[in-house]
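The values are calculated or read from the model by the stated rules, or taken from the named source; none is laboratory data. Bear in mind the structure is a predicted one, so any value in this text is a computation, not a measurement. Using ideal geometry, Cβ is built from the backbone for each residue, glycine included, and neighbour counts are taken over all protein chains shown.
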């Protein structure tokens, strides 16, 4: 993929984000922060690549350990973020399933 | 292998052909795209509580797809050179590849360790501590971004962002593409700012550090200087990939994150937490550019916009510009004069029994919760009070100001935790007109968000901020710890001294418990 294609995806995704987030009800802003935090840990993809890479020269070993540490940090976030979001949303769910307000 | 000379590497790199990224497998790209779409649907689900849990599950599915795809396409391997002679007498040199099982186990163990820590924390955390938890989680995303950027810098070949070159004297060099250097530089800078900023926000929210702004002399000049230095170095990095530039960018970014957040007071924390949320997204997006990974780019853009919109909503709810929040210094230190004035004016003090009587007689009660409710963990007993009042035929509603608490939606979560039906909970614009037809406005742990000076007094620091019109209710019951303290804005509140206001001094939770007993 060339730079412009990637930039296009990014710009479009910003617009999608803009409209999707405005439609989130204010009552769910805290779960929104928790879940965005969890999904931003998709950076684990980079961490996994670093951890798996054999590497050339001395940089390889260091970058592997940096990658492994990043895997730990990102997965704390992924598991913690989704779990805490689920916990919060379950509290909202207990109520009568009345129509959502704005 | 292409030859390199210092002159060519420092120049525009012309003549080094572009090498395709390692993740060229179209199925992998498709899987990352699906993961990105799952994340969009996850946020879409939050448009209503009814669909929100499905949304969270979409998020989990997206993350699983992204992680599994990466594990499959990047299996750790060990490459060894085999040199020998075949039976027919040919000498050969071969590159042998085999799966590095140990590294694979280490990776799974790393995920496992993270999972245990994450799930344990998520289960144990009290809902009132949610702002700290979110700040702590942001710091982890920031640090992970920094580590990934460092790994990419040290081992660019593995990320497919460099061309392997060898000099005339046989010295190998990984020539990192200039575009990748910008992306990497931005990634490490935003990640480091997110990390150190979130650590400070965490310490302030958790009470390890005072909520008062810490003002360094000449801080604006220092901050702008450091920011300019970071941007300048990132620009220079495209010309010269020397380690000192990369590490200086990293260190300066840690420093600026710290400097940016220390002058910001406790009351502005909702903006800060949202802003750091946004940064953690941009950091992920920058790394997504480096790795040409669609899932990371889409997610980064989503999270980045989400945090930015939340910051905007919070700023608007305080009638402050984003710049003035970031400039800091708001909250806490101007309290002296206002507090002195407070003792001079007459005010009425009520008891729990008085409050219970007034509440029991009311037709409609609107409860206005604030940060004080969170501090004293009064949400459960407050819901009990609401239930008791409903048994007496009183209509009970809750009015939530967008900046009540320490993060967006903080009060809604606490009320939800206490099982308050979300149909009873209203946002400012939906309920403000109702105060005039309300018998009792019950303010618990909120202050600035009820201050009528925001509507009338042009000299007030909170002038122009949208506030809840509690003073229009027939009676205002105001729970406050003491008359001495004023809100975070350091402004006195006229509501305290009105004829129809009754101050209930004491700890919010104890006071509400006493009211519940007295309602019998």
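Let me spell it out: the conditions are (1) touching a helix residue (DSSP H, G or I) at 6+ places or on another chain (Cβ under 7 Å); (2) part of a helix (DSSP H, G or I); (3) modelled with pLDDT under 90, and residue B:403 meets all of them except one. Which number is the exception?
Tallying (1) touching a helix residue (DSSP H, G or I) at 6+ places or on another chain (Cβ under 7 Å); (2) part of a helix (DSSP H, G or I); (3) modelled with pLDDT under 90, residue B:403 fails exactly one: (2).
Based on what the data block shows, is residue A:69 modelled with pLDDT of 95 or more, surrounded by fewer than 24 Cβ atoms within 10 Å (Cβ to Cβ) and either closer than 30 Å to residue B:170 by Cα or within 18 Å of the chain's Cα centre (by Cα) (or both)? Quick ask: steps written out before the conclusion?
Values: modelled with pLDDT of 95 or more: yes; surrounded by fewer than 24 Cβ atoms within 10 Å (Cβ to Cβ): yes; either closer than 30 Å to residue B:170 by Cα or within 18 Å of the chain's Cα centre (by Cα) (or both): yes.
Here the answer is yes, as residue A:69 does meet what is asked.
Restricting the range B:290-319 to residues that are touching a helix residue (DSSP H, G or I) at 6+ places or on another chain (Cβ under 7 Å) and surrounded by fewer than 24 Cβ atoms within 10 Å (Cβ to Cβ), which is farthest from the other protein chains (Cβ to nearest Cβ)?
Looking only at the range B:290-319, we keep the residues that are touching a helix residue (DSSP H, G or I) at 6+ places or on another chain (Cβ under 7 Å), and these are B:290-311, B:314-315.
Now restrict to residues that are surrounded by fewer than 24 Cβ atoms within 10 Å (Cβ to Cβ): B:308-309, B:311, B:315.
Numbers: B:308: 9, B:309: 5, B:311: 11, B:315: 14 Å.
So, considering only residues that are touching a helix residue (DSSP H, G or I) at 6+ places or on another chain (Cβ under 7 Å) and surrounded by fewer than 24 Cβ atoms within 10 Å (Cβ to Cβ), the one farthest from the other protein chains (Cβ to nearest Cβ) is B:315.
Taking the range B:154-167, which residues are more than 8 Å from chain A (Cβ to nearest Cβ) and in contact with a helix residue (DSSP H, G or I) (Cβ under 6 Å, 6 or more places away or on another chain)?
B:161, B:162
Could you tell me which residue of the range B:102-135 is farthest from residue B:380 (Cα to Cα), considering only residues that are surrounded by 20 or more Cβ atoms within 10 Å (Cβ to Cβ) and more than 8 Å from every other protein chain (Cβ to nearest Cβ)?
My answer is B:135.
Can you name the condition, by its number, that residue B:143 falls short on among (1) under 13 Å from residue B:277 (Cα atoms); (2) modelled with pLDDT of 95 or more?
(1)
So which of B:454, B:441, B:436 ends up being at negative phi, modelled with pLDDT of 90 or more, in a helix (DSSP H, G or I) and away from chain A (no Cβ under 14 Å)?
Values: B:454 fails: modelled with pLDDT of 90 or more; B:441 fails: in a helix (DSSP H, G or I).
So the residue among B:454, B:441, B:436 that is at negative phi, modelled with pLDDT of 90 or more, in a helix (DSSP H, G or I) and away from chain A (no Cβ under 14 Å) is B:436.
Regarding residue B:448, is this residue at pLDDT 90 or above and farther than 24 Å from residue A:87 by Cβ? Don't jump to the end; show me each part of the working.
Values: at pLDDT 90 or above: no; farther than 24 Å from residue A:87 by Cβ: yes.
So residue B:448 does not fit the description; no.
Residues checked against (1) part of a helix (DSSP H, G or I); (2) free of Cβ contacts under 8 Å to residues at least 40 places away in the same chain; (3) surrounded by fewer than 22 Cβ atoms within 10 Å (Cβ to Cβ):
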{"site": "B:355", "(1), (2), (3)": "yes, no, no"}
{"site": "B:382", "(1), (2), (3)": "yes, no, no"}
{"site": "B:413", "(1), (2), (3)": "yes, no, no"}
{"site": "B:463", "(1), (2), (3)": "no, no, yes"}
{"site": "B:467", "(1), (2), (3)": "no, no, no"}
